[in-house]
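So the structure is just underneath, and the comments pick up after that.
The values are calculated or read from the model by the stated rules, or taken from the named source; none is laboratory data. In this text, all values refer to a predicted model and were calculated from it rather than measured experimentally. We place every Cβ from the backbone using ideal geometry, glycine too, and count neighbours over all the protein chains shown. Protein only, heavy atoms only, side chains kept; ligands, DNA and RNA dropped before computing areas. Shrake-Rupley method; radii C 1.70, N 1.55, O 1.52, S 1.80 Å.
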Amino acid sequence: MIGSTRSVRVFAYRKPVDMRRGFDGLYALVLEELGRDPLNGDIFVFVSKDRRRAKALMWDGTGLCLFSKRLEVGRFVRLTDPAPGTELQMTVTELQLLLEGSHAIGKTALSPAILDTSCLA
């Protein structure tokens, strides 16, 4: 599975992406569209317009990794539903479900909300 045992954040890009994009094109999307640093260890997921292909971009500490999956049967869940912002944050487990074809991703809260501990101090 993508990632490791450490805590990793996963961000899915909600707009369809041209899967001809490689490292540099997806890197630019993360910087310009999501406003995030692609070199911080998070995983960034992109799905094609026909939802048969997906790519994940991740910095592993030594270089950028680009993982790709093409479905032979079925389609990935639609991440393009109207929602505020252009990203959907998920857990590594939710990423696994997305890549395995689950239709619950992005529609049902599968993980508890992250507790904001700054107000507890």
Give me the Å³ per residue figure for the convex hull around the C-alpha atoms of segment 30-83.
87 Å³
When only DSSP loop residues count, what chymotrypsin sites (Phe, Trp or Tyr not before Pro) in segment 9-55 have their Cβ near at most 15 other Cβ atoms within 10 Å?
none
Quick one: Karplus J couplings for segment 97-102, per residue in order, coefficients 6.51, -1.76, 1.60, θ = phi - 60°, nearest Hz, x for Gly and Pro?
4, 4, 5, 8, x, 5
Can you list the aspartates and glutamates whose alpha carbon is less than 13 Å from that of residue 15, not counting same-chain residues fewer than 8 positions off?
33, 50, 81, 87
Accessible area of segment 4-80 divided out per residue, in Å², using a probe of 1.4 angstrom:
56 Å²
The answer for residue 59, listing residues at least 5 apart or on another chain whose modeled amide H is closer than 5 Å to its amide H, is 41, 42, 65
